[in-house]
1. In the range 49-70, which residues are open to solvent by 30 Å² or more (accessible area, probe 1.4 Å), free of Cβ contacts under 8 Å to residues at least 40 places away in the same chain and in contact with a Pro (Cβ under 9 Å, 6 or more places away or on another chain)?
2. For the range 1-46, name all the residues that are not in a loop (DSSP other than H, G, I, E, B) and not aliphatic (A, V, I, L, M).
Amino acid sequence: PVEAALGDIPGLDVNSSDAARLKRGQSVLLRGRDAPSFTGQAYALSRGQLIAIGEVGQGEFIPSRVFNYG
């Protein structure tokens, strides 16, 4: 799986509505008790599928690479 190559960076689980935003290249807010306590590079997963690679900072995840599987 692609995620195996991303072992050095943390992953985030996102819900389906956030995954849809990420697939359009839009950032998502990371708030509440499940918000990550780190900043920097990360990848986003939804239902076990890689959605995007990007940066976590100032309470949001900003995608830099988006994966759309056909």
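The values are calculated or read from the model by the stated rules, or taken from the named source; none is laboratory data. Nothing here was measured: the structure is a model prediction, and the numbers come from that model. Note that each Cβ is placed from the backbone with ideal geometry, even for glycine, and that neighbours are counted across all protein chains shown. Surface accessibility is based on the protein's heavy atoms, side chains included, excluding ligands, DNA and RNA. Shrake-Rupley method; radii C 1.70, N 1.55, O 1.52, S 1.80 Å.
1. GLU55, the sole residue that qualifies.
2. Keep residues of the range 1-46 that are not in a loop (DSSP other than H, G, I, E, B), which gives 2-6, 11-13, 16-23, 28-29, 40-46.
Those that are not in a loop (DSSP other than H, G, I, E, B) and not aliphatic (A, V, I, L, M): GLU3, GLY11, ASP13, SER16, SER17, ASP18, ARG21, LYS23, GLY40, GLN41, TYR43, SER46.
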